[in-house]
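J.: First, the structure itself, so that you have it in front of you.
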Amino acid sequence: MPPIERLKRIARRPDCEINLAEAALIVASQAYPEIDIEHYLRRLDELADGVRGHLPASPNTADRVFTLNRILFEEEGFYGVEDDYYDPRNSFLNEVLDRRCGIPITLSIVYLEIGRRIGLPLEGVSFPGHFLVKLPVQGGDIVLDPFSGGVSLSEAELEQRREWISSEGSVPSAAPLGALLRAARNRDILARMLRNLKGIYYQTGALEKALEVSNWILAITPDEAAELRDRGLILAQLECAAAACEDFEHYLRLAPQAEDADRIRERLIDLVGSTGRLH
(Lines give C-alpha, C1' and ligand atoms only; values in the text may rest on other atoms or scores of the structure.)
Protein backbone atom coordinates (compact mmCIF):
# COMPACT_ATOMS: atom_id res chain seq x y z
CA MET A 1 0.00 0.00 0.00
CA PRO A 2 1.42 3.45 -0.90
CA PRO A 3 2.49 5.42 2.20
CA ILE A 4 -0.03 8.20 1.63
CA GLU A 5 -2.83 5.61 1.59
CA ARG A 6 -1.50 4.17 4.85
CA LEU A 7 -1.59 7.64 6.33
CA LYS A 8 -5.17 8.18 5.14
CA ARG A 9 -6.19 4.90 6.77
CA ILE A 10 -4.58 5.92 10.06
CA ALA A 11 -6.18 9.37 9.90
CA ARG A 12 -9.64 7.79 9.64
CA ARG A 13 -9.25 6.23 13.08
CA PRO A 14 -10.55 7.96 16.20
CA ASP A 15 -7.85 10.41 17.23
CA CYS A 16 -7.06 8.55 20.45
CA GLU A 17 -6.22 5.46 18.37
CA ILE A 18 -3.75 7.23 16.08
CA ASN A 19 -0.21 6.03 16.76
CA LEU A 20 1.62 9.35 16.54
CA ALA A 21 5.09 7.87 16.10
CA GLU A 22 3.99 5.38 13.44
CA ALA A 23 2.20 8.11 11.49
CA ALA A 24 5.22 10.44 11.72
CA LEU A 25 7.46 7.65 10.42
CA ILE A 26 5.09 6.94 7.54
CA VAL A 27 5.38 10.64 6.71
CA ALA A 28 9.17 10.26 6.72
CA SER A 29 8.88 7.46 4.18
CA GLN A 30 8.18 10.05 1.49
CA ALA A 31 11.82 11.10 1.76
CA TYR A 32 13.20 7.72 2.92
CA PRO A 33 11.43 4.99 0.90
CA GLU A 34 13.55 2.24 2.49
CA ILE A 35 12.83 3.32 6.07
CA ASP A 36 12.38 0.51 8.61
CA ILE A 37 9.47 1.86 10.63
CA GLU A 38 9.53 -1.00 13.13
CA HIS A 39 13.20 -0.27 13.86
CA TYR A 40 12.40 3.29 14.91
CA LEU A 41 9.39 2.24 16.96
CA ARG A 42 11.68 -0.18 18.79
CA ARG A 43 14.14 2.67 19.30
CA LEU A 44 11.43 4.62 21.13
CA ASP A 45 10.69 1.53 23.22
CA GLU A 46 14.39 1.23 24.05
CA LEU A 47 14.60 4.87 25.09
CA ALA A 48 11.56 4.39 27.31
CA ASP A 49 13.13 1.28 28.81
CA GLY A 50 16.25 3.31 29.57
CA VAL A 51 14.20 5.91 31.43
CA ARG A 52 12.17 3.26 33.23
CA GLY A 53 15.34 1.53 34.37
CA HIS A 54 16.43 4.64 36.26
CA LEU A 55 13.14 5.30 38.05
CA PRO A 56 12.81 4.64 41.79
CA ALA A 57 10.72 1.71 42.97
CA SER A 58 7.51 3.73 43.37
CA PRO A 59 7.98 6.78 41.13
CA ASN A 60 5.74 9.81 41.37
CA THR A 61 5.09 12.28 38.56
CA ALA A 62 8.07 14.46 39.44
CA ASP A 63 10.36 11.41 39.41
CA ARG A 64 9.18 10.45 35.95
CA VAL A 65 9.60 13.95 34.48
CA PHE A 66 13.02 14.48 36.09
CA THR A 67 14.29 11.10 34.92
CA LEU A 68 12.89 11.50 31.42
CA ASN A 69 14.66 14.85 31.07
CA ARG A 70 17.94 13.53 32.47
CA ILE A 71 18.08 10.43 30.29
CA LEU A 72 16.79 11.99 27.09
CA PHE A 73 18.66 15.29 27.13
CA GLU A 74 21.73 14.63 29.27
CA GLU A 75 22.63 10.98 28.77
CA GLU A 76 21.21 10.41 25.28
CA GLY A 77 22.12 13.95 24.20
CA PHE A 78 18.97 15.06 22.39
CA TYR A 79 18.93 18.80 21.78
CA GLY A 80 17.11 21.57 19.99
CA VAL A 81 18.71 22.67 16.73
CA GLU A 82 19.76 26.32 16.59
CA ASP A 83 21.94 26.20 13.47
CA ASP A 84 20.39 24.72 10.34
CA TYR A 85 16.98 25.08 11.98
CA TYR A 86 15.31 24.83 8.55
CA ASP A 87 17.12 21.69 7.46
CA PRO A 88 14.31 19.36 6.25
CA ARG A 89 15.86 16.49 8.22
CA ASN A 90 14.72 18.15 11.43
CA SER A 91 11.12 17.43 10.41
CA PHE A 92 11.57 13.66 9.93
CA LEU A 93 11.27 11.50 13.04
CA ASN A 94 13.79 8.91 11.87
CA GLU A 95 16.42 11.62 11.39
CA VAL A 96 15.63 13.13 14.78
CA LEU A 97 16.12 9.74 16.43
CA ASP A 98 19.33 9.06 14.48
CA ARG A 99 20.89 12.50 14.90
CA ARG A 100 19.42 13.26 18.35
CA CYS A 101 18.38 16.75 17.35
CA GLY A 102 15.30 18.45 16.01
CA ILE A 103 12.91 21.36 16.08
CA PRO A 104 10.25 21.93 18.76
CA ILE A 105 7.54 19.78 17.21
CA THR A 106 9.67 16.74 16.35
CA LEU A 107 11.43 16.77 19.72
CA SER A 108 7.99 17.08 21.30
CA ILE A 109 6.83 13.97 19.44
CA VAL A 110 9.81 12.05 20.81
CA TYR A 111 9.08 13.43 24.29
CA LEU A 112 5.37 12.57 24.06
CA GLU A 113 6.02 9.05 22.86
CA ILE A 114 8.61 8.21 25.51
CA GLY A 115 6.65 9.97 28.25
CA ARG A 116 3.48 8.04 27.46
CA ARG A 117 5.44 4.78 27.53
CA ILE A 118 6.60 5.48 31.10
CA GLY A 119 3.19 6.45 32.41
CA LEU A 120 3.09 10.21 31.88
CA PRO A 121 -0.23 11.35 30.30
CA LEU A 122 1.46 14.04 28.23
CA GLU A 123 -0.38 16.16 25.67
CA GLY A 124 0.91 18.23 22.79
CA VAL A 125 0.28 21.98 22.79
CA SER A 126 0.15 23.74 19.43
CA PHE A 127 1.42 27.03 20.86
CA PRO A 128 1.97 29.55 18.06
CA GLY A 129 5.55 29.69 16.90
CA HIS A 130 6.88 27.01 19.24
CA PHE A 131 5.30 23.63 19.92
CA LEU A 132 5.14 22.62 23.59
CA VAL A 133 4.02 19.72 25.77
CA LYS A 134 1.87 19.80 28.88
CA LEU A 135 1.25 17.42 31.74
CA PRO A 136 -2.17 17.62 33.43
CA VAL A 137 -1.79 17.50 37.21
CA GLN A 138 -4.09 18.19 40.10
CA GLY A 139 -4.83 21.89 40.13
CA GLY A 140 -3.65 22.68 36.59
CA ASP A 141 -1.05 21.83 33.96
CA ILE A 142 2.74 21.73 33.89
CA VAL A 143 3.94 23.13 30.53
CA LEU A 144 7.23 21.72 29.30
CA ASP A 145 9.54 22.71 26.44
CA PRO A 146 11.35 19.68 24.94
CA PHE A 147 13.29 21.98 22.60
CA SER A 148 14.97 23.45 25.69
CA GLY A 149 15.69 20.23 27.54
CA GLY A 150 12.21 19.68 28.96
CA VAL A 151 12.29 22.81 31.10
CA SER A 152 8.98 23.77 32.71
CA LEU A 153 7.57 27.18 31.82
CA SER A 154 5.92 29.48 34.33
CA GLU A 155 2.70 31.34 33.61
CA ALA A 156 4.71 34.56 33.43
CA GLU A 157 7.04 33.07 30.80
CA LEU A 158 4.09 31.81 28.78
CA GLU A 159 2.41 35.21 28.97
CA GLN A 160 5.62 36.80 27.76
CA ARG A 161 5.65 34.45 24.77
CA ARG A 162 1.99 35.17 24.08
CA GLU A 163 2.62 38.92 24.12
CA TRP A 164 5.56 38.54 21.78
CA ILE A 165 3.68 36.49 19.21
CA SER A 166 0.75 38.91 19.48
CA SER A 167 3.09 41.80 18.70
CA GLU A 168 4.31 39.85 15.67
CA GLY A 169 0.73 39.41 14.48
CA SER A 170 0.78 35.62 14.82
CA VAL A 171 -2.31 35.56 17.03
CA PRO A 172 -4.92 38.19 17.96
CA SER A 173 -3.75 40.34 20.84
CA ALA A 174 -6.85 39.39 22.83
CA ALA A 175 -6.21 35.64 22.57
CA PRO A 176 -6.29 34.30 26.15
CA LEU A 177 -3.37 32.18 27.28
CA GLY A 178 -5.65 29.27 28.12
CA ALA A 179 -6.89 29.07 24.54
CA LEU A 180 -3.30 28.78 23.30
CA LEU A 181 -2.59 25.92 25.71
CA ARG A 182 -5.37 23.58 24.63
CA ALA A 183 -4.32 19.99 24.02
CA ALA A 184 -3.63 19.28 20.35
CA ARG A 185 -5.11 16.24 18.65
CA ASN A 186 -2.70 13.70 17.19
CA ARG A 187 -3.80 14.50 13.63
CA ASP A 188 -3.25 18.21 14.32
CA ILE A 189 0.28 17.50 15.56
CA LEU A 190 1.02 15.60 12.35
CA ALA A 191 -0.47 18.36 10.22
CA ARG A 192 1.60 21.01 11.98
CA MET A 193 4.78 18.99 11.50
CA LEU A 194 3.99 18.72 7.81
CA ARG A 195 3.21 22.43 7.51
CA ASN A 196 6.65 23.21 8.89
CA LEU A 197 8.19 20.95 6.27
CA LYS A 198 6.05 22.41 3.50
CA GLY A 199 7.15 25.91 4.50
CA ILE A 200 10.81 24.88 4.35
CA TYR A 201 10.42 23.45 0.87
CA TYR A 202 8.38 26.42 -0.32
CA GLN A 203 10.86 28.99 0.97
CA THR A 204 13.74 27.21 -0.76
CA GLY A 205 11.85 26.99 -4.05
CA ALA A 206 11.35 23.21 -3.94
CA LEU A 207 7.77 23.54 -5.16
CA GLU A 208 7.32 19.91 -6.24
CA LYS A 209 8.28 18.76 -2.75
CA ALA A 210 6.06 21.42 -1.17
CA LEU A 211 3.17 20.13 -3.29
CA GLU A 212 3.81 16.56 -2.18
CA VAL A 213 3.76 17.61 1.47
CA SER A 214 0.57 19.59 0.90
CA ASN A 215 -1.01 16.41 -0.47
CA TRP A 216 0.00 14.60 2.72
CA ILE A 217 -1.52 17.32 4.89
CA LEU A 218 -4.80 17.03 3.02
CA ALA A 219 -4.65 13.26 3.45
CA ILE A 220 -4.92 13.93 7.18
CA THR A 221 -7.26 16.94 7.08
CA PRO A 222 -9.05 16.71 3.71
CA ASP A 223 -11.38 19.68 4.17
CA GLU A 224 -8.96 22.16 5.68
CA ALA A 225 -9.75 25.31 3.74
CA ALA A 226 -6.42 27.09 4.21
CA GLU A 227 -4.48 24.07 3.03
CA LEU A 228 -6.61 23.75 -0.11
CA ARG A 229 -5.88 27.43 -0.84
CA ASP A 230 -2.16 26.93 -0.26
CA ARG A 231 -2.02 23.87 -2.47
CA GLY A 232 -3.85 25.81 -5.15
CA LEU A 233 -1.24 28.55 -4.97
CA ILE A 234 1.57 26.01 -5.32
CA LEU A 235 -0.18 24.34 -8.25
CA ALA A 236 -0.64 27.72 -9.93
CA GLN A 237 3.09 28.42 -9.62
CA LEU A 238 3.79 25.01 -11.11
CA GLU A 239 1.49 25.97 -14.01
CA CYS A 240 -1.03 23.26 -13.16
CA ALA A 241 -3.91 25.65 -13.77
CA ALA A 242 -6.80 23.18 -13.90
CA ALA A 243 -5.84 21.51 -10.62
CA ALA A 244 -5.28 24.93 -9.00
CA CYS A 245 -8.78 25.98 -10.08
CA GLU A 246 -10.28 22.94 -8.41
CA ASP A 247 -8.55 23.75 -5.12
CA PHE A 248 -9.52 27.43 -5.27
CA GLU A 249 -13.14 26.52 -5.97
CA HIS A 250 -13.16 24.08 -3.04
CA TYR A 251 -11.58 26.71 -0.82
CA LEU A 252 -14.21 29.31 -1.72
CA ARG A 253 -17.00 26.81 -1.04
CA LEU A 254 -15.58 26.12 2.41
CA ALA A 255 -14.61 29.70 3.31
CA PRO A 256 -16.64 32.14 1.18
CA GLN A 257 -16.21 34.95 3.71
CA ALA A 258 -12.46 34.54 4.24
CA GLU A 259 -10.40 37.72 4.29
CA ASP A 260 -8.59 36.69 1.13
CA ALA A 261 -11.68 35.31 -0.65
CA ASP A 262 -11.83 38.18 -3.15
CA ARG A 263 -8.15 37.81 -4.01
CA ILE A 264 -8.58 34.07 -4.55
CA ARG A 265 -11.68 34.68 -6.69
CA GLU A 266 -9.64 37.03 -8.87
CA ARG A 267 -6.89 34.46 -9.16
CA LEU A 268 -9.45 31.83 -10.04
CA ILE A 269 -10.95 34.00 -12.79
CA ASP A 270 -7.50 34.52 -14.27
CA LEU A 271 -6.80 30.78 -14.21
CA VAL A 272 -10.17 29.89 -15.69
CA GLY A 273 -9.41 32.27 -18.54
CA SER A 274 -6.03 30.67 -19.08
CA THR A 275 -7.47 27.16 -19.24
CA GLY A 276 -10.60 28.04 -21.22
CA ARG A 277 -12.83 26.45 -18.61
CA LEU A 278 -16.49 27.45 -18.68
CA HIS A 279 -18.93 27.20 -15.74
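J.: Rg to Rh ratio, the stretch 102-141, alpha-carbon atoms and Kirkwood radius?
T.: 0.99
J.: Given SER152, PRO121, ILE71, which one lies farthest toward the positive end of the charge dipole of the chain, if we put +1 on the Cβ of every Lys and Arg and -1 on the Cβ of every Asp and Glu?
T.: PRO121
J.: Follow-up. Can you figure out the FRET efficiency of ASP83 with ALA156, using R₀ = 22 Å and their beta-carbon distance, to the nearest 0.05? Walk me through the numbers on the way to the answer.
T.: Working: r = 29 Å, r/R0 = 1.32.
Calculated transfer efficiency: 0.15.
J.: Picking from SER108, MET1, ALA184, whose Cα lies most toward the positive end of the charge dipole for the chain (charges on Cβ: Lys, Arg +1; Asp, Glu -1)?
T.: Checking the options against the dipole of the chain, the answer is MET1.
J.: Does the stretch 196-249 come out rounded, prolate or oblate, given a ≥ b ≥ c as the square roots of the eigenvalues of its C-alpha gyration tensor, rounded meaning a/c under 1.5 and, failing that, prolate meaning a/b above b/c?
T.: In terms of gyration-tensor shape, oblate.
J.: Note down the magnitude of the dipole of the chain about its Cα centre, charges +1 on Lys and Arg C-beta and -1 on Asp and Glu C-beta and zero elsewhere, to the nearest 20 debye. List each step's numbers first, then the result.
T.: Numbers: 32 positive and 45 negative charges, 131 e Å.
It comes to approximately 620 debye.
J.: Which helices of the chain meet both criteria: a Cα extent of 24 Å or more along the helical axis and a mean Kyte-Doolittle score no lower than -1.0, with helices taken as whole DSSP H segments?
T.: Numbers: long enough: 186-203 (26 Å, -0.57).
Helices meeting the criterion: 186-203.
J.: State the antiparallel share, in %, of DSSP beta bridges confined to the chain, rounding to the nearest 5.
T.: Working: 12 of 14 bridges.
Bridges in the chain are about 85 percent antiparallel.
J.: Hey, got the dipole for the stretch 142-279? About the Cα centre, +1 on K and R Cβ, -1 on D and E Cβ, debye to the nearest 20? Can you show the working numbers first?
T.: On the way: 16 positive and 22 negative charges, 53 e Å.
About 260 debye.
J.: Multiplying the sequence separation of ALA225 and ARG182 by 0.36 nm and subtracting their Cα-Cα distance, what value in nm do you get? If you can, show how the numbers build up before the last one.
T.: Details: separation 43, 0.36 × 43 = 15.48 nm, distance 2.14 nm.
Contour length minus Cα-Cα distance gives 13.3 nm.
J.: I would also like to ask the following. Please work out whether the stretch 45-201 counts as rounded, prolate or oblate from its C-alpha gyration tensor, where a ≥ b ≥ c are the square roots of the eigenvalues and a/c under 1.5 means rounded, while otherwise a/b larger than b/c means prolate and anything else oblate?
T.: It is oblate, given that a/c is not under 1.5 and a/b is not larger than b/c.
J.: Rounded, prolate or oblate, given the Cα gyration tensor of the stretch 176-223, with a/c below 1.5 counting as rounded?
T.: Cα axes put the stretch 176-223 in the oblate bin.
J.: Next question, about the same structure. What is the extension gain from ARG13 to GLU259, computed as 0.36 nm multiplied by their sequence separation minus the C-alpha to C-alpha distance, in nm to one decimal? Write out the running numbers ahead of the final one.
T.: Working: separation 246, 0.36 × 246 = 88.56 nm, distance 3.27 nm.
Here the answer is 85.3 nm.
J.: For the stretch 212-279, with all protein chains present and a 1.4 Å probe, just round the carbon and sulfur fraction of the accessible area to a whole percent.
T.: Taking all protein chains in place, the stretch 212-279 shows 49 percent carbon and sulfur surface.
J.: Continuing with this model, one more query. For the chain, with a Gaussian network of springs between Cα atoms less than 10 Å apart, report the residue from THR106, THR204, THR67 with the top mean-square fluctuation.
T.: THR204
J.: Under 15 Å from a label point 7 Å along Cα→Cβ of GLU46: give me every residue in the stretch 100-128 with its amide N that close.
T.: Output list for this probe position: 100.
J.: Would you please name the trypsin sites (Lys or Arg not before Pro) within the stretch 116-161 that are DSSP coil residues with at most 14 other C-beta atoms within 10 Å of their C-beta?
T.: Filter output for the stretch 116-161: empty list.
J.: Tell me what the chain gives for mean residue ellipticity at 222 nm when only DSSP H runs of n ≥ 4 count, each as -39,500 (n - 2.57), the sum divided by the residue total, rounded to 500 deg cm²/dmol.
T.: -17000 deg cm²/dmol
J.: Here's a follow-up. With a probe of 1.4 Å, find how much accessible area the chain has per residue, and write the answer as a whole number in Å².
T.: Ligands and nucleic acids excluded, the figure is 49 Å² per residue.
J.: Then there's this: At 7 Å along the Cα-to-beta-carbon direction for both ARG100 and ASP63, put a label point, then send me their distance in nm to one decimal.
T.: Taking the simple label geometry, ARG100 and ASP63 are separated by 2.6 nm.
J.: Using 1/(1 + (r/R0)^6) with R0 = 25 angstrom and r between the beta carbons of ALA206 and ALA242, what's the FRET efficiency to the nearest 0.05?
T.: About 0.65, to the nearest 0.05.
The values are calculated or read from the model by the stated rules, or taken from the named source; none is laboratory data. Bear in mind the structure is a predicted one, so any value in this text is a computation, not a measurement. Quick reminder, even Gly has a Cβ in these numbers, built from the backbone with ideal geometry, and neighbours come from all protein chains shown. What goes into the accessible areas is simple: the full protein's heavy atoms, side chains included, and nothing from ligands, DNA or RNA. Shrake-Rupley method; radii C 1.70, N 1.55, O 1.52, S 1.80 Å.
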